[in-house]
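Here the structure comes first, spelled out in structure tokens, and everything after it is commentary.
No value in this document is a laboratory result; all are computed from the given coordinates. On a predicted model such as this, the values are computed, not experimentally measured, just so you know. Methodologically, a virtual Cβ is constructed for each residue, glycine included, from the backbone with ideal geometry; neighbour enumeration extends over all protein chains shown.
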Amino acid sequence: MLYGLDISPLELTLKVAALATMVSVVAGVALAYLMGRRRFPGAGAVDSLLTLPLVLPPTVLGYYLIVVIGRRGWLGSWLLDTFGVSLVFSWHGAVLASAVVAFPLVYRSARAAFDGVDSNLENAARVLGDTEGAVFVRVSLPLAWRGILAGAMLTFARAMGEFGATLMVAGNIPGRTQTLSMAVYEAVQAGNYGAGNALVIITSAACFLILMGSGRLLKAGF
């Protein structure tokens, strides 16, 4: 509690957003590099599929996740039967939901950053004997890091504000799965506008600062 305000939703939101960003960045950077450097039939369809969470309603994404990781889903039932783990109604499910929703932001940013890398530099590294992994680590990644970092910051901000998919997958359990956006919703529903205003200000300020920082990085990098 801080001045009568329960800050556990803030703590949980920061944890969920940080972990979701880590998952999204690892997957997004790898897939962005692969899609930018490999040409194969159906690449356009795969690219659209990877970007799809950006335009789908969060509740639809939440439904898809329940179908997959729910206790009767093909992955969820396997996790439950094999390890006794259920992602539904847990903060781990909130991390997964936030990662899926925010993934396209880092994916698109990383894709644009890698597309802006001079291919002649990569080819020169290959001629000098570097493997594809070495080219990625020594050439592509250092030249694209600003765009990737900007995408990661946007992903973090989006994960902080995620509501629909997280509510469907993790629920709104105070102290367990209640994030800032859910706490704001609950405060307004209960008529507790003082707490709602404080939570809104915290969320808005954090997202504003992140957007300012990502904008500066993009301007500096391109």
- Query: Any idea which of THR166, THR177, THR155 is of a type in the set (Ser, Thr, Tyr) and in contact with a Gly (Cβ under 7 Å, 6 or more places away or on another chain)?
  - Reply: THR177
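Name the single residue that is farthest from MET160 (Cα to Cα) among those in the stretch 189-205 being among the aliphatic types (A, V, I, L, M) and surrounded by fewer than 14 Cβ atoms within 10 Å (Cβ to Cβ).
Step by step, filter the stretch 189-205, then rank; the result is ALA190.
The rows are residues; the columns are (1) part of a loop (DSSP other than H, G, I, E, B); (2) surrounded by fewer than 19 Cβ atoms within 10 Å (Cβ to Cβ); (3) hydroxyl-bearing (Ser, Thr, Tyr).
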| position | (1), (2), (3) |
| --- | --- |
| ALA94 | no, no, no |
| SER98 | no, no, yes |
| ALA102 | no, no, no |
| VAL106 | no, no, no |
| GLY133 | no, yes, no |
| VAL137 | no, yes, no |
| LEU141 | no, yes, no |
| LEU149 | no, no, no |
| LEU154 | no, no, no |
- Task: Select from the stretch 40-65 the residues that are touching a residue at least 12 places away in the same chain (Cβ under 8 Å), within 20 Å of SER181 (Cβ to Cβ) and assigned to a helix (DSSP H, G or I) and list them in ascending order.
- Result: PRO53, LEU54, PRO58, THR59, LEU61, GLY62, TYR63, LEU65
- Taking interchain pairs and intrachain pairs at least six residues apart, which have beta carbon atoms under 9 angstrom, with the first residue in the stretch 190-213 and without any contact (Cβ under 8 Å) to a residue 24 or more places away in the chain and the second among the small types (Gly, Ala, Ser) and in a loop (DSSP other than H, G, I, E, B)? GLY194/GLY4; GLY196/ALA190
- Within the stretch 79-104, residues farther than 30 Å from ALA32 by Cα and of a type in the set (Val, Ile, Thr) come out as THR82, VAL85
